[in-house]
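Working notes for the structure below.
Please treat every number below as a calculation from the coordinates, not as lab data. Here the structure is a predicted model, which means the values were calculated and not measured. Ideal geometry is used to build each Cβ from the backbone, glycine not excepted, and the neighbour counts take in all protein chains shown.
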Amino acid sequence: ASLLVALLVLTSCSGRTERDGVERNALTSVTCDALMSSSKRRRAILTSNGLSNEGIRQEFVRLVKLRTDPGKARVVYVPDALVADGYTFSKALVDEFRRSLRGTGVVASNVASVELASSTKEEVQVALEGADVVYVECGNTFFLHYHMVQKDFKALLDPLLDQGVVYV
């Protein structure tokens, strides 16, 4: 199954969180058992507007803390879907993403980026090594999916998710 199909499966999962058992809106924040067909519990937040509200930001921090101290967390930013919507992959775009993480405890210098469209599979693999968070930007999902398939992103991401890496 493709990553896109797996993500669609995830959005239909229960919105019950492990923290307090309270139902949450699936579009706001989701922690599910089923992300891309694994028997291991995986940590994911699916959002159509980034870390745009306090509830999503708190859930992001909570999930990162399950893995590591947010100040030590290594975040890999994948901007392809946004780039397909007309933005230019640049230092300014990555810096804007870093600013969006203010207040989460994540240190800006711990944020790396990789553009799938312009990278080889090997470059993507190297970029993902040691990641605590993989943040895939919202935007043109068809463009993103195409480049995820071209780089076999699912095969690179699955082992990381099994190890508790947070996927946004």
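Rounded to whole numbers, the Karplus 3J(HN,Hα) couplings from phi for region 96-113 are 4, 4, 4, 5, 5, 8, 4, x, 9, x, 6, 7, 3, 6, 8, 9, 10, 9 Hz, using 6.51 cos²θ - 1.76 cosθ + 1.60 with θ = phi - 60°, and x at Gly and Pro.
Cα to Cα, under 22 Å, and not fewer than 8 places away if on the same chain: which lysines meet these conditions relative to K40? Excluding near neighbours in sequence, the set is K65, K154. Placing dummy labels 7 Å off each Cα toward the beta-carbon, the span from T141 to D162 is 2.6 nm. Sorting the segments 58-67, 75-84, 97-106, 131-140 by their residues' average number of neighbouring beta-carbon atoms within 10 angstrom, most packed first, yields 75-84, 131-140, 58-67, 97-106.
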